[in-house]
1. So the check is Cβ under 7 Å with 6+ separation or different chains; which pairs have a first residue in segment 1109-1121 that's among the basic types (Lys, Arg) and a second one that's in a loop (DSSP other than H, G, I, E, B)?
2. Out of all the residues in segment 276-289, which are open to solvent by 10 Å² or more (accessible area, probe 1.4 Å), in contact with a helix residue (DSSP H, G or I) (Cβ under 9 Å, 6 or more places away or on another chain) and farther than 19 Å from GLU620 by Cα?
3. Any idea which of (1) open to solvent by 20 Å² or more (accessible area, probe 1.4 Å); (2) in contact with a Pro (Cβ under 6 Å, 6 or more places away or on another chain) is the one ALA751 doesn't satisfy?
4. How about segment 110-221: which strands (runs of 3 or more DSSP E) wholly inside it have at least 3 residues that are touching a residue at least 60 places away in the same chain (Cβ under 8 Å) and either touching a helix residue (DSSP H, G or I) at 6+ places or on another chain (Cβ under 8 Å) or farther than 30 Å from ILE973 by Cα (or both)?
5. Among SER564, SER532, which is the only one that is of a type in the set (S, T, N, Q), more than 39 Å from the chain's Cα centre (by Cα) and open to solvent by less than 10 Å² (accessible area, probe 1.4 Å)?
6. Is there any pair linking a residue in segment 730-750 that is within 13 Å of LEU775 (Cβ to Cβ) to one that is assigned to a loop (DSSP other than H, G, I, E, B) and open to solvent by 10 Å² or more (accessible area, probe 1.4 Å), with Cβ under 7 Å and at least six apart or on different chains, and which?
7. Out of GLU576, GLU562, I need the residue that is under 20 Å from ASP735 (Cα atoms) and either in contact with a strand residue (DSSP E or B) (Cβ under 8 Å, 6 or more places away or on another chain) or not basic (Lys, Arg) (or both). Which one?
8. Going by the conditions given, is LYS874 closer than 22 Å to ARG749 by Cβ, open to solvent by 10 Å² or more (accessible area, probe 1.4 Å) and basic (Lys, Arg)?
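The values are calculated or read from the model by the stated rules, or taken from the named source; none is laboratory data. Since this is a predicted model, take the numbers as computed values, not measurements. Using ideal geometry, Cβ is built from the backbone for each residue, glycine included, and neighbour counts are taken over all protein chains shown. In case anyone asks, the SASA skips ligands and DNA or RNA and just uses the protein heavy atoms, side chains included. Shrake-Rupley method; radii C 1.70, N 1.55, O 1.52, S 1.80 Å.
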Amino acid sequence: MDSNSQIEITESASQVPDFIRNSSSQRSVSPVQSIWSKTSGGRSIREVSFSELETKPVRHGSRGADSEAFSTSYKEINDDDARLIYINDPDRTDEKFEFAGNSIRTGKYSILTFLPRNLFEQFHRVAYIYFLVIAILNQLPQLAVFGRGASIMPLAFVLLVTAIKDGYEDYRRHRSDKIENSRLAWVLVNEQFQQIRWKDIRVGQIIKVSANETLPCDMVLLSTSDTTGVAYVQTTNLDGESNLKTRYAKQETQAKNPENEKISGLIKCEKPNRNIYGFQANMDIDGKRISLGPSNIILRGCELKNTEWAVGVAVYAGRETKAMLNNSGAPSKRSHLETRMNREIIFLSIFLVALCTIVSACHGVWLRRHKDELELMQFYRKKDYSGNEVEDYNYYGWGLEIFFVFLMSVIVFQIMIPISLYISMELVRVGQAFFMIQDNRMYDRASNSRFQCRALNINEDLGQIKYVFSDKTGTLTENKMEFKCASIGGIDYSNAQDSTEDGQIGNSVQGGGQVLRPKMKVKVDPELLDLSKRKHTDEGKHVCDFFIALAACNTIVPITVETSDPAVNLIDYQGESPDEQALVYAAAAYGFMLIERTSGHIVIDIHGERQRFNVLGLHEFDSDRKRMSVILGCPDKTVKVFVKGADTSMFSIINRSLHLNMLKVTETHLHTYSSKGLRTLVVGMRELSPSEFEQWQSSYELASTALMGRAALLRKVASNIENHLTILGASGIEDKLQQGVPEAIESLRTAGIKVWVLTGDKQETAISIGYSSKLLTSKMTQIVINNNSKDSCRKSLQDALLMWKKLTTDSNATPGGSRTGLNEVALIIDGTSLVYILDTDLEEQLFELASKCDVVLCCRVAPLQKARIVALIKNRTDDMTLAIGDGANDVSMIQMADVGIGISGQEGRQAVMASDFAMGQFRFLVPLLLVHGHWNYQRMSYMILYNFYRNAVFVLVLFWYVLFTSFTLTTAITDWSSVLFSVIYTSFPTIVVGILDKDLSRTSLMEHPQLYGAGQRQESYNRKLFWVTMLDTLWQSIASFFVPLLAYWGSDVDGSSLGDLWTLAVVIMVNIHLAMDVIRWYWITHAAIWGSIIATFICVMVIDVLPFLPGYWAFFHITKTALFWLCLLCIMIGALLPRFLIKVFVQYYKPTDIQIAREAEKFNTSRASQGAQIEMNEIFDSPRR
C-alpha cells in the first residue's frame, strides 16, 4: 500500500485555553503514566493551569475515502435511507424495520435444499446438460443403444463426486456456524447484565465486553473502563492487522452506568455496508445530538485489548455486520486455457454432428436400397406375422428411422465430448495447488506464511503471463520505515549516527527506579540532537515545534512492554501507518517521547520534562487533501494547528510571504531525498487566534452532525483551517527494498514479461526505486509525461510516439540492427496526466505508446486509476495480466487483472482476501511463474489435448464399425466397456501425469527465464496442435480398427470377441501413447499407466464372465489364439510408429527451446548448456491478436 497511509480516528475531550468555554474533564492514567505514580521520586508532569470550559466532545475528522473499493459509507444518506436504533429497546427497534438477528450462516445448503441446489449449480456447466440429455434419450425404447443403467453412470459418478465434496465443505461451515452462534455474551436484560447466546442478540440491546473477548456484533461504544472513554481493539480477525486501534465512547454516555440508570436514546445511522473503515451516524441522547464516526464503532470479530471492559449498543447484527458483508471469497475467474478449450469442444461437437449425419444419411440410403427386404429382415422385421393379423412391427417409416439413427449415433458417439475431462482438471488443479503450497522456496520465514492458493481454477494461467502490474510500497519494498534525515529551518540534517555509539544507550526517560525506552532505536544527527535541547533559541524553538508535530500529528498509541529487567520498560508505538510509527520513534530518539494518548490529551516527555497537550481537534488524512492536521492546546495557553502531508498538497497552503528562502531550500532538500528513494513529508504549523478557533469549532460541530454531505463539509472545514502555514521542515523516511527484488525483476524481464509499477509515491522516489530494483537502467530512454491539461497530454503522447518511431528507425539503420538492438524505452507518467487520458480519446494513444515500451512507471496514481491501467491492456489484447499488491488500495487492481496476487505484508489482509493467490515476498513471483506456472501450463495443455485424442480415437473405432454393420448402431464393444473407458480404463494415468510430470527441472527453468516464453507463445496448446492431434487420432483409429478386421476377415470370430480386442487395443495404445510423452517417471506414474492396462484386462474378463451380459466368455475365446496377441503388437507398431518418427524428426531438425534445454539436462555437459543458451529463440513481443 502506497505512501499516504490511512490514519485511525481520534476524538478530543477537552481541557482547553482560556478563550474556550469551560468544562470539567477527566484525565486518564495510562499504563505508562502509572509507572510514575508509583513513586514520589519520579519527575512530576508539568501541570498546566487551563480554564476549563464545556465544549461538545468532538470526533475529529473522517477517514478519507482512500480506497474506492470500500467507499460505500461515503455516499450521503438521507432520512429515508437511515437506520433507526432505539438504545436499550430492541422491541421498538424491530417494530418497523425487522433487522437481522445475530445468528450467522455461512453454509450454502440445508438438508432440504442440498440436492436441488447442488444439482442446479453443477448443471451450470453446459457439458453436463449435454450428457443428461444423452442419458434421457437412451431411456427411450426406440433409442436404447446402451443399457439404461450404464448410460447414466458416467454423469452420475461425476455429479456424486462433486456433491460429496460440496457436502463435506458445507458440513464444516455449518459446524463452524453452530460453534460461533452458541458463544456467550453479557447483555443488559431487565436492568442487569446476563449471559445469552450470540445468536439471540438483537439490534438495540446493550452489550458488555471484557478484556481479550471477541465482539459479538457491530456496536457503538457507550462507555469503557478508561475514564475518558478510550478502548483498544485488535482487528486481526477482520483485516489481518495486528496493531492496536483506538476507539472512543462519547463523553455524554461515558459516565452513564446502564445497571444503575436507564439509558435511552436514538441512533440514526447508515444502512449496512462493506466499508470496515467508514461509519456515519448521529445519536440523540439527553436532548443532545452527537455525531458518530468510525472511531465510535467496534466491529464484530475484533478483540478488546488493554481495556478492562467496554459497553456498547448493537447497531448491526448477524449477516448485516461489516465482517459478514465482507465474508466473500475472491472473485471467480475463468482460466484462459479453459476458455480456448471450449472453442475446441465446439469443433468436436461439429465433428460429432458430422459423424452422426454421415451415419444417418448412409442409413437412409441403405434403407432405400433394401426396402423390399425389410419385411422379414431380422433386425427390422417390418411386418409381424406372429398373430392372426399382420401388423407393422419395430419400424417407424423411412424418415423417422433416419431421425432415430441420428439420435442413436449421438448416444453411441457421446464420449467425443469428454465428461471426465472436467473432473480430471479439478483433481489436477488440486494436486498442483498442493505442491505449490508445500514449496519451501515460497515459504516466508519472517511472517511464517506459506503460499496460498485461493482460486484453484486458474493455476495454468500462471504460465502465460505477459504483463505484471506491481504496487511499490510493501510489495517491492518492506514497508518497514526508518527515519533517515530531516530538513528543518532550511538546514539539511542527514548525518545520522547510531545512538548507541560513544557509550550512549539511546534516549530514555528515567525516574523512581523505572526507565522508559522506545522499543525501536533510530540513528540521530548529533548536531540536530544538540540543537533540540536549546529551547530558548529561535533555532531550538523551530526544531522543538518540528518534533512536537512528529510526536503529536498522528494516531499512534503508546503501549508499555515489560522486559527481563524489571527496572526497564519499553514503549511500543502501535498504529496503522508504518510512516507514522517511524516519525514518532524518530521524535522519541531526539528527546520528544510520546508517553500517553487519550481522547482528549497527549503527554510528551520533552528531554525529561513531561508536558500535556490538549487535543482539541484532528482532521484525518484523506485522498483529496493528502494531509492531516491536529489542533493542540499547548502548555503556554496557545492553540496551534500542526499539519503534515505530501509536498504537492502542503506547498499550496504554506504562506510564501514568510521565509521564502527557507521554502526554496526545503524544496531542494525534498528533491534530493526523493532522488535517494526516500519517502517525504512536509510539516507546517500556525498559531490560531481565539476567533479563528471558535469559528473552526462551530463549523466543525455543524459539519460533524450533518447526515447529508458530512464528508464534503468536513473536508471544507479542514481546508479552511489548514492554510497560511509556516513551514517547519520536511522528513525523509527509507523504505528498503525487499530481499531479492532486483534479481526477481531482472528474471521476469528476461522471461519476456513486462513489469509495470503503479505507485502513489512522488515521481523522484519512484524513479529512484526503479533504478535500485533494476526496473530502470542507465541505457534506457525515458519518456516522462507530466501534464495538467488534456491538450498538453495529447501533445506529449504524440511526441513520445514520434520519438519511439525515430528510435526504431535508428536501430534498423544500424548495420546488423535487430529487435534486440533497439534502445529500451521506459514510460514515466503521473496520476494527474492519467486523469486527462483515461476514459477519453487519448486512451488509445496511451495504449499504443505503453505497449511499445519495455517499462512503465506510473506515479501518484489513485487506486481506481490502477485498475483502469490494468484494464487498458486487458481489454485490448489477449495477453495475460497479473497484478500484485499488499494493501487495500491494490484491491481494485488485483480484481481487475487475469491473475491477482496479494502480499501478506504490514498493511493487513485486504489484498490477500481479494486475491487469487497470496505469498509473503515479491521474489516468490519468480519460482511461482517461471517454475510452477510453466509446469502447470504445460501439464494442463497436454492433459486437455490427450483427453480429446483419447476419447476421439475410441469414438472413431465405433464409427468405423458402424460403417460395416449396415449403419444400424449395433456395437461390438460392450455397453459397460464404453462407459468405463473414460472413467476407469484411462482416467487415472492422465491425472497422475497432469500433477507430477515435469518437462524441465526447476534448475533449468530458473537459470533460463526465457524458457517461460513457451507459455506466452502458447506452444503447448494452440489450434495447429489441436488439428495435428486430430489427424494423429484419425490414423491411430484406422490402425486400431482395420488391423483386427483384416486379420479376422472371413473367420468365425463373433462381434463381441472383436469388441474385446478393439477395447484392449485402444486402452493399451492410448496408455503407451501417454508413456511416450512422459518426461519424469515416478513409481506412481508406472503404477498408474501399467496398472490401468492390467485393470482393463480384469474388467473385460469380469464383464465377459457375467452370463446376463452380452458377449459371455468372448474374451477367453479370442485370447487363446496367437493371432490375438499378434494383432495387439501390430496395432501398437502401426498406430504409434509414425508418431514416433515424426516426433524424432521434429526434435532433431526443428527443436523448440524446451527440447534444447531438455537435451542439455539429459547430457548435463557444459557444452550442451552453452549450446542451449545460444540456440534459444529471442523473446519478441507476441503479435496483437
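1. Listed by first residue and then by second, the contacts come to nothing, as the list is empty.
2. ASP286, LYS288
3. Of (1) open to solvent by 20 Å² or more (accessible area, probe 1.4 Å); (2) in contact with a Pro (Cβ under 6 Å, 6 or more places away or on another chain), only one is false for ALA751: (1).
4. Details: elements: 184-189, 192-197, 206-210.
Passing ranges, in order: 206-210.
5. On the way: SER564 fails: open to solvent by less than 10 Å² (accessible area, probe 1.4 Å).
Of the residues listed, the single one that is of a type in the set (S, T, N, Q), more than 39 Å from the chain's Cα centre (by Cα) and open to solvent by less than 10 Å² (accessible area, probe 1.4 Å) is SER532.
6. What qualifies is PRO742/LYS774; ILE745/LYS774; GLU746/LYS774.
7. On the way: GLU562 fails: under 20 Å from ASP735 (Cα atoms).
When all the criteria are applied, what remains is GLU576.
8. On the way: closer than 22 Å to ARG749 by Cβ: yes; open to solvent by 10 Å² or more (accessible area, probe 1.4 Å): yes; basic (Lys, Arg): yes.
It is true that LYS874 is closer than 22 Å to ARG749 by Cβ, open to solvent by 10 Å² or more (accessible area, probe 1.4 Å) and basic (Lys, Arg).
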